[in-house]
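Below is one structure, written out as structure tokens; comments come after it.
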Amino acid sequence: MPHISPLDPAAIIQHVYVEDDCRDLPLTKDILAKLPGRDVRIIPPRTGPDFSVEKSASHNLTKGKKHLVLCKNRGRFLKPCPATREYRCCDYQVLNVGMNCPMDCVYCILQAYLNNPWLSFFVNTDDLLAELASTFAETPQTFRRIGTGEFTDSMALDRITGLSKILIEFFKDTPNAVLELKSKAVVLDNLKHSAHNGRTIMSWSLNSPEIMSKEELRTATLDQRLAAAAQCAAWGYKLAFHFDPLIYHPGWKKGYKETIDRLFAAVPAASIVWISIGALRFLPALKNIATDRFPKSRFFHEEFVLGLDNKYRYFRPLRTEMYRHMADHLSRHLNPDTCLYFCMESDEIWQDVFGFTPEEKGGLPAMLDLAARTKCTSP
């Protein structure tokens, strides 16, 4: 087996399952050619690997990251972000290209959200592009912010799938849409020579150095992510960053300040379209799953309150303290046209930290649309 490196998260894959009606698709053949030496099996549609004999769900979650299923998405590819009405949502649209992630973050909500532990990737990209074309044609004046990083990492499998190149090529000529590819990996193989025309935003999740090293397993380091972002900026891509989830831990103030300072030392502020901030929040089921899989991790043992969205959150005073710390340091570096915003927070938090609510500026979707329209043009 090849050496497993955070620079190529796909290297962890040992077994590949191909649904029978996908075996002759060109993308399936391309992916298999880039995974030599793996165990490949043809399976009936909608089945997946048989993990039923395993003893524990936790074991399955760990084992599942070595198993990749190539299949078709038989439903809609493009859907609204699964938000809740109790907190301010950005009206993001999710392009569902697969499920699960070969990296392993302790706090990852997918551990409690998905039904299957294995990786899956949808190889019927012709259907995906046809759906996008039809959607854009139906409402050509609607501006859309679309991303693939909701149910999987946007770039973790990109060396073998080449999906970024397919999507970038499609979005380069769509004036009323931008594509965001969000990742904790630094797989840049398909980006250098892609004619993005300013319509693709490359984005990375960031955290304090301690959280990144201890709680985000098999991911790229902070230095690697920032170097990748700087390279993408040099290639003319616009950038975005997501400090989500903010996690309370000893030395958190110093840690997050260090990440912010290193971020702006590495990339030009003018290239950043938006930066989101969101405190740790999780489904009740996640705590037992994560602490079982990662018993040395301690941050789930802090005090939490059940929020209006049925997710546990830090108490409001602590969230506000963390947000003010982040906003204070970020504002010292931000370009005036960059949108700094909260992911899934209340108007009260917005008012306490920023001194305004999104509605006062036309709503959060309008704030982000303005940032994208202002910055996402041809390089």
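With the structure loaded, tell me whether residue 196 is under 29 Å from residue 302 (Cβ atoms), out of contact with any Asp or Glu (no Cβ under 6 Å at 6 or more places or on another chain) and in contact (Cβ under 8 Å) with a residue 40 or more places away in the chain or whether it fails that test. Spell out the reasoning first.
On the way: under 29 Å from residue 302 (Cβ atoms): no; out of contact with any Asp or Glu (no Cβ under 6 Å at 6 or more places or on another chain): yes; in contact (Cβ under 8 Å) with a residue 40 or more places away in the chain: yes.
Taking the combined requirement at face value, the residue does not satisfy it.
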Next on the checklist: Take residue 366 and tell me if it is within 21 Å of the chain's Cα centre (by Cα) and surrounded by 13 or more Cβ atoms within 10 Å (Cβ to Cβ).
Outcome noted: no
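Those residues that are in contact (Cβ under 8 Å) with a residue 24 or more places away in the chain, in a loop (DSSP other than H, G, I, E, B) and not aromatic (Phe, Trp, Tyr), I need them from the range 311-349; list them, please.
Within the range 311-349, 311, 333, 334, 335, 337, 338, 343, 344, 346 meet the criteria.
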Checklist entry - When residues of the range 260-319 are filtered for being among the aromatic types (Phe, Trp, Tyr) and under 19 Å from residue 333 (Cα atoms), how many remain? => result 2
Next on the checklist: Within the range 277-286, does at least one residue satisfy the condition of being under 30 Å from residue 141 (Cα atoms) and of a type in the set (Gly, Ala, Ser)?
Outcome noted: no
Item to check | Matching residues, the range 285-296, being within 21 Å of residue 214 (Cβ to Cβ), under 22 Å from the mean Cα position of the chain (by Cα) and touching a residue at least 60 places away in the same chain (Cβ under 8 Å) | outcome: 286, 289, 290, 293, 294
Checklist entry - Out of the residues in the range 122-181 that are among the aromatic types (Phe, Trp, Tyr) and not in a strand (DSSP E or B), which is farthest from residue 75 (Cα to Cα)? => result 143
Checklist entry - Where residues in the range 108-121 are over 13 Å from the mean Cα position of the chain (by Cα) and not in a helix (DSSP H, G or I), which of them is nearest to residue 287 (Cα to Cα)? => result 114
Item to check | Scan of the range 18-29 for residues that are more than 24 Å from the chain's Cα centre (by Cα) and either closer than 14 Å to residue 122 by Cβ or without any contact (Cβ under 8 Å) to a residue 12 or more places away in the chain (or both), ordered by number | outcome: 18, 19, 21, 22, 24, 25, 26, 29
Checklist entry - Just a yes or no: is a residue in the range 124-145 closer than 21 Å to residue 67 by Cα and crowded, with 18+ Cβ neighbours inside 10 Å? => result yes
Checklist outcome for this item: When restricted to 139, 135, the only residue free of Cβ contacts under 8 Å to residues at least 12 places away in the same chain and over 28 Å from residue 20 (Cβ atoms) is 139
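Take the range 269-290 and flag every residue that is over 26 Å from residue 336 (Cβ atoms) and surrounded by fewer than 17 Cβ atoms within 10 Å (Cβ to Cβ). Show your work before the answer.
Residues of the range 269-290 over 26 Å from residue 336 (Cβ atoms): 280-290.
If the condition is that a residue be over 26 Å from residue 336 (Cβ atoms) and surrounded by fewer than 17 Cβ atoms within 10 Å (Cβ to Cβ), then 283, 284, 285, 287, 288 are the ones that fit.
The numbers here are math on the coordinates, done by the rules we state, and not lab data. Bear in mind the structure is a predicted one, so any value in this text is a computation, not a measurement. Don't worry about glycine lacking a Cβ; one is built from the backbone with ideal geometry, like all the others, and counts go over all protein chains shown.
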